[in-house]
Amino acid sequence: MGRYVSIFLTFARACLVRDMTFRANFVLECLTSMGWMSMNLAFYLLVFQFTPEIGKGTGWTREPFFAFVATGLIINSIVQALFMPSAEELTEMVRTGGLDGVLVQPLDAQFLLSMHRVDFSSFANGIVGVGLLGWALARMDHTPPAAAWLLYPLLIVCGVAILYSLVIMLAAATILLGRNQSLYDFWFYLTNFSRYPAEIYAGPWGGPLRAVCTFVIPILLVVNVPARVIAQPLEGHAWGLVALAITAAVAAIVISRLVFQTALAKYRSASS
Amino acid sequence: MRGRAIVFPYTPRMHNTNGESRPAAPVIEVEGLAKSYRVFDKPEGLVASVKSLFHRSSRVVEALKGVSLTVGRGDFVALLGPNGAGKTTFLKLLSGIITPTQGTARVLGHVPWERADDFRRRFALVMGQRNQLWWDLPAAESFRLHREIYRIEPARFERTRDELVDLLGVKKLVLQPVRDLSLGERMKLELVAALLHEPEVLFLDEPTIGLDVVAQHALHRFLAHIQAERQMTIVLTTHYMKDVAALCRRAIVITDGSILYDGSLDQIVDRFTTHKIVTLDLDDTPAADEFARLGFPCEIRGPQVTLRIDRQRIADVLPEILRGRQVRDVSVEDVPLEEIVAQLFRSGAGQAPRMQEARA
Amino acid sequence: MSRAAASLFPGLRAWWTMLVISLEERLAYRGDFILGTAMRFLPIVTQVFLWTAVFAATTRSDIAGYSRTDIVAYYLLTMVTRAFSSMPGLAGGIARSVRDGSIKKYLVQPVDYVSFLLAARIAHKLVYYAIAIIPFAAVFFVCRGYFPPVPDAATIAAFVVSLMLSFLLGFFMEATLGMLGFWFLEVSSIIFAYMLVQYLLSGHMFPLDMLAAIPTGLAGVSVADLVRWLPFEYTAYFPAAVWLGKIRGADLVRSLLIEAAWVAVMALACRIAWWRGTRRYSAFGG
């Protein structure tokens, strides 16, 4: 285990050195992601000009909603920084046969393929998210209880775990199918659903969609549960959601690993 | 029904200090190994493209058809064959990268495609033109990473590393990012990385491809040295005769997924070619029938004349050809390997490979 | 006259070949394509749910003149506009070919680079939407309940004109951006800034009428009034608003004129950038 940590740190250090060498580019990338984020924040501020709450009686008034957005920023920045860079490179690795080199090494392939590259500029959004969270919590009427403060980091980890499992499933599909560009577009569209509180998915179409995205592909648990825990009263079915999120995270990790191992067993390898 | 492969019985033997030989446990045992897979046809033209939306035709490609062989400890074996023969597929099966459709194999007692960590720690794979080093890191960092991944003891690691770096003369290169280096330099660093954990078996896939003559020669010397020194079992695939001639006594010829010949190298040329190729560079283009009277197959291309002369008769015929003629240059060469192999194919394998047309 | 006609036919033939190759390419990635086209509608689904939730919590019946059903229709119509005006890879492609020198062959050949690019884009879009029209039509049919009654002929005509203009506007804006590659090595940051502003001000995210609620420092002038004079809203918002009848009469005519003016300005800018850029490029030996 310690071996894996020290190997990861070597990779991370190499990426950091490289980012610092191309400093201007690094700053630009930070500004890029923050740029998109600020556009979205401006949009949300605009929306709240017209309504006091997102969804009737959901509790997502302005400050809690921004706490929600902040939670999303934090979780997504962790995934974007730690796992997406390696996953994006996977298509190329499969195409050039670099994956072969990974398979002959006495190291867990899933670890190598999902964590050998770190994109530090993606942390910028997360840092802004933390700031935004602070602002929202300060202005909120509701004060989170002690339990919420303990659960929040744990649920952030669960959210990251669920998203990580999705990344691994996509990686497995890439290994099995070779090149497949729309698979990564798929990622964008999938995570798009988790940008807003689950309560907006109501009605004859929304209800089933919400159920599928909570119990089958649990993306709605990723941001919703930690956000709810910190920004809304912690009672009743919120506890159920907490249990669900933790279970889903564990199940997701296990299932995605099985799928990934299967994909490796069936690996075709590019012809020489 | 396939033609029989021409196999010379080759049992690896170890010689103990008395000079007696006894059979050693083979390092690599392969029995009936086969690999085939389904390839989808790419549509050509507009109509086919539209049709491909609804169904795609495919065919089954047999990359490897039932290969069996044995390799003993310390053997240096070359897998010879044209492109697409199945050499790389075979190597990938032996290193556990892909799983076979049929057959068994054991390397160092392990089944390769189970990818046990114990197994992976004991062998190394180097593929020509494909990098296993991390591109962004300088080679020195890659080596350190390697040490951690393979759990090499630090003192031993440093000793091995320094030794290899010296041998290959790459001391100045290890601190530069790998992406900045030339192909030859990268290959040397790949070799260092591959040997850091002192593997018992080394697989090399077309290692000299893309290298210039000097680099190829250096590579040959290096491989010969470490093989002798460490009694490493080495399997090398190539389509260059030079690699084989320089390094191994035993050559295995593969074409179309089957072994056609497995035995000593000298015997291939001797046994399967009856003639040599004599090339003459003349001052002017000769007349078409000038060489015809000799009775040998002859090709005239401008001032260059190529003759195929029986081995036994070269000593007699050559002086006769050269006498009384202005010749700028003359060379006497063995029939190229590709030709020998193609000949082997014709004489040994018999019929064309099977391919099945299937609808998706 | 006949020489012009003679040169037209090889041009047409070349264009037809481009069309066919585009189509083959498109079909080659069939799995990608069918899935990808359908998935483009997914973000709209999320936006629609969001606005539904917004309406649920407020007592207003409309926001900036848009009812809940209007908003759905609006987003679907912006998809149509963006089908015309979005130029994926145009600016980056031009900048890249300047950077790696492949632009040289266009300097030497008797082919006008800008016209070539325009023709290629038309071919590409025709092909893409000839096939993509199936999922588009399916979605519109399913959502037909959200649309107000079909507008009158004049409005439809204005809509079509605005779409054609938005295609040209999008093309010339991105082409000019790409031409900046003659002066700047890293155009990608400029392109990115453009994308960002476009994202906010084109109406892609929300109907720009909502900006009327935001005042500027000046009396009686809202942000929406200012944005009207910029070219961005014509790449997504404007045609959609025309179809929905949000802009009428004199306002409509004025906006169409502004749009046409911007097309002329950007076409000119593109031409000037090409002319001066190639001069500069040749001066530096390429």
Q | Neighbouring partner chain Cβ atoms per residue of A:53-60, average, 10 Å criterion | A | 4
Q. Using the 10 angstrom Cβ neighbour count as an exposure proxy, how do C:214, B:277 rank, fewest first?
A. C:214, B:277
(Q) Counting only other chains, and only Cβ atoms inside 10 Å, what mean value do you get across the residues of C:41-50? (A) 6
Q) How long are the three semi-axes of the equivalent ellipsoid for region B:274-334, computed from the Cα gyration tensor as the root of 5 times each eigenvalue, in whole Å, largest first? A) 17, 12, 11
Q: Place +1 on the Cβ of every Lys and Arg and -1 on the Cβ of every Asp and Glu in the protein assembly as shown, take the dipole about the Cα centre, and give the residue among A:125, B:27, C:230 whose Cα lies farthest towards its positive end.
A: C:230
Q.
Please compute the alpha carbon radius of gyration of region C:2-283, then divide it by the globular-protein estimate 2.2 N^0.38 Å. Two decimals is fine.
A. 1.10
Q | Inter-label distance for residue C:102 and residue B:111, nm, one decimal - labels placed 7 Å from Cα along Cα-to-Cβ | A | 4.8
Q) Averaged across the residues of C:54-63, what count of C-beta atoms belonging to other chains lies within 10 Å of each residue's C-beta? A) 5
Q | Violating pairs (Cα-Cα greater than 20 angstrom) within the set B:35/B:92; A:266/B:35; A:56/C:246; B:65/B:87; B:35/B:87 | A | A:56/C:246
**Q.** Neighbour-count ranking [beta-carbon atoms within 10 angstrom, fewest first] of A:128, B:269
**A.** B:269, A:128
Q. Once the Cα atoms of helix C:30-39 and of chain C are each reduced to a long axis, what angle between those two axes, in degrees from 0 to 90 to the nearest 10, is obtained?
A. 40
Q) What does the charge dipole of chain C about its Cα centre add up to, to the nearest 20 debye, if the Cβ of each Lys and Arg holds +1 and the Cβ of each Asp and Glu holds -1? A) 700
(Q) Just want the ordering: B:262, A:19, B:270, from fewest to most Cβ atoms lying within 10 Å of their own Cβ. (A) B:270, A:19, B:262
Q: Compute the normalised compactness of region A:2-265: alpha-carbon radius of gyration over 2.2 N^0.38 Å, N being the residue count.
A: 1.05
Q: Calculate how steeply helix A:23-50 sits against the longest principal axis of the alpha-carbon atoms of chain A, using the helix alpha-carbon long axis, and give the answer as 0 to 90 degrees to the nearest 10.
A: 30
Q: Run the quick spin-label model on residue B:283 and residue A:185: label points 7 Å from Cα toward the beta carbon, then report their separation in nm to one decimal.
A: 7.1
Q) Quick one: in region C:194-286, what % of C-alpha pairs are over 24 Å apart? A) 35
Q) To one decimal place, what orientation-averaged projected area in nm² is obtained for the convex hull of the Cα set of the protein assembly as shown? A) 51.8
Q: Compute the acute angle (0 to 90°) between the alpha-carbon long axis of helix A:182-193 and the principal axis of greatest extent of the alpha-carbon atoms of chain A; round to the nearest 10°.
A: 20
**Q.** Under 13 Å, Cβ to Cβ, from residue A:132 - net charge with Lys/Arg +1 and Asp/Glu -1
**A.** +1
(Q) Report the Rg/Rh value for region B:154-294, based on alpha-carbon coordinates and the Kirkwood definition of Rh. (A) 1.13
Q.
On the principal axes of its Cα set, how long, how wide and how thick is region A:69-109? Give whole Å, largest value first.
A. 41, 22, 8
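Every read-out reported here was derived from the displayed coordinates using simple, explicitly stated rules and does not represent laboratory data. No experiment lies behind these values; they were computed from the predicted model shown. With ideal geometry, Cβ positions are generated from the backbone for all residues, glycine too; neighbour counts draw on all protein chains shown.
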